[in-house]
Every structure is written in C-alpha cells, then in structure tokens.
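Everything on this sheet refers to the single structure shown next.
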Amino acid sequence: MIRRMGSSLVLDIYTALFLIIIFAPMVMMVIASFNETSPPNVMEWSGTTLKWYRYFWMSDAELAADPVLRAFDRNTFVGCAANSLIVAAGVVPLSLILGLAGAVVLTKLRSRFNGFLSWVLLSPMLMPGITLGLSTMIYWSMVGVMPGLFTATMAMTSFVATVPMLIIMGRLQRQDPSLEEAALDLGASPTYTFWRVTLPFLAPALGVSAVLAFLWTVENYNTTKFSIGTGCTLSTHIGDMVRNPVGHPPLINVVGTVVILLTVAGAILHTFLSRREAKMGSKS
C-alpha cells in the first residue's frame, strides 16, 4: 500500500511538472500580450493595453505616433501572412492526395517490397528541414523556376504528405474488408467502390489530416526559409522579428495568443460535434 501510494505521488508530481513546462510559457505569453512594456515582460508591468491587438486596424497616424509599432511595416506583416495561406492552399490538397495514394498502396498492396517502399515514402519526415528546402530550391532552379511560393509549396508538400499518409493508413487498417467485397460482388467497379465505400469511411481521417497539414504548413520555418528565396511567410517573418537586437515586439505574443485561441476553439467545436454525433447515433 505504501509503495503504491509512493508511486502514485511520483506520477502526480511528474504530471504536474510536465503540464507546467508545457503550458507555463503559453500562459506567460498570453499575459505579456496585454502588457504595455516592449519587449514583452510579465515581471515588469507598465500597464494593461490592447494596442498590440489593434495594430492591424489602427489608423496610419496612430501607428506613426507609436514609438514601437512605427518601426514595423504592417503591409509586409499582412502580406507574409497572406503568403502562408497561399502556400497552405497548395500544400493541403496536394498532401492529402499524395498521402491517400501512399496509404492505399501500402495498405492494399501485398508485396515483399512494402517495407522498402514504406521507408522511402516516410523518409522526408526524417530529413532536416534545411536539406529539404535547399534541395527543392536547387532542383527547381535547375529547371528554370526561381525560388518563391511555388518552390516553398513543393518543399512543404514533400514531407507534410507523410502525416496524412500515416493517419489514413491507421484508418484503412480498421476498415472491414467485407464492405468492399460486398460492393464488388454486387457489380460495382473498383473505382465506384472506392468512391462510395472507402472514401466516406476515410472522411474523418481526411479531415484531421487536412487540419494537421495546414498547421504544419503555417508554422514551419526551416523548410520554408530555405526554399522561398527572398519571399516570406508568417513564420519566416516572425523569425526575422525575433532577431530584433532590442528584443522581439509584443506583436509576436499577439499572434501566438490568437493561434492558441483558434486551436482551443477548434478543439471545443470538434468535441461538441463528436458528442452530438455520438448521441444521434445512440438514438438511432
């Protein structure tokens, strides 16, 4: 009994330390985003303000009068954020298509080369982002395509596609093969069977894969930095702002806070919809 209580206490302490290490920096970042001090600080409180959040819609005159915010180009910030969405708009569908194809091949194809093929398809995930970015930029430059949003999209797709592939493979392995066999026995073609039986079964995995692919694309720095050339995305622009010799501006805290709020809202919405679907399923 004493030993069991001691083990439980150690586990509780470990869990508490783990949660503190994970969430304490986020909480401090959110608090600092409301502090008027720049660079952001939670130990030296100069006053509560919302001007860091108002940066994106305050007037040009008000922006020019602020000694901190006037040093940053709002149009560049917004333009880099728009570039992130453009790259994600290309990466997400491409990664879903490639991931779905790879998952189907590895799951349905019974071959002695499956192990080698799996290693090849998963290898981009294990490569350093710098290597992927530079190799993509060099390759497309050799065929006459200059570094930019296109090369960044190709570089990101090369390893982001591995995430949907793993998720879809896990879903496919739980599919009852008798469903496809019944459709084929009833005269459906393999293409029709995949479209009407397999693809609807994979819908939850495809949705999760799309969300993760989007998040990976927007937050990635190394691969994007070394494949986009002189262009920028939100992550690379924030990386440049962090290297400010006088300390990073509170705008970075604002972006982080907004991302956290959107993530929490998405998680709450997903939980709500899942519970409602479960209740509807139980009633039927």
Tell me which helices (runs of 4 or more DSSP H) are completely within the stretch 1-113 and hold 3 or more residues being loosely packed, with under 13 Cβ neighbours inside 10 Å and of a type in the set (Phe, Trp, Tyr), or say none if there are none. 2-32
Given (1) assigned to a loop (DSSP other than H, G, I, E, B); (2) within 16 Å of the chain's Cα centre (by Cα), where does residue 208 come up short, assuming only one miss? (1)
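With respect to residue 125, determine if the residue is of a type outside the set (D, E, K, R), farther than 19 Å from residue 242 by Cα and assigned to a helix (DSSP H, G or I). Give the steps one after another, and end with the answer.
Working: of a type outside the set (D, E, K, R): yes; farther than 19 Å from residue 242 by Cα: yes; assigned to a helix (DSSP H, G or I): yes.
Yes.
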Using beta carbons and a limit of 6 Å, which pairs, at least six apart or on different chains, have the first residue in the stretch 84-113 and free of Cβ contacts under 8 Å to residues at least 60 places away in the same chain and over 26 Å from residue 152 (Cα atoms) and the second one part of a helix (DSSP H, G or I) and not acidic (Asp, Glu)? none
Taking the stretch 98-117 and keeping only residues that are closer than 11 Å to residue 169 by Cα and either among the aliphatic types (A, V, I, L, M) or at pLDDT below 85 (or both), one is left with 100, 101, 103, 104, 105, 106, 107, 108
Looking at residue 143, is it assigned by TED's automatic domain parsing to the domain that holds residue 98 and without any contact (Cβ under 8 Å) to a residue 60 or more places away in the chain? yes
Within the stretch 219-248, restricting to residues that are under 23 Å from residue 41 (Cα atoms) and not in a helix (DSSP H, G or I), the one that is modelled with the highest pLDDT is 243
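The values are calculated or read from the model by the stated rules, or taken from the named source; none is laboratory data. Just so it is clear, the structure is predicted and the values come from calculations on it, not from any experiment. For neighbour counting, all protein chains shown are included, and Cβ atoms are generated from backbone atoms with ideal geometry for every residue, glycine included.
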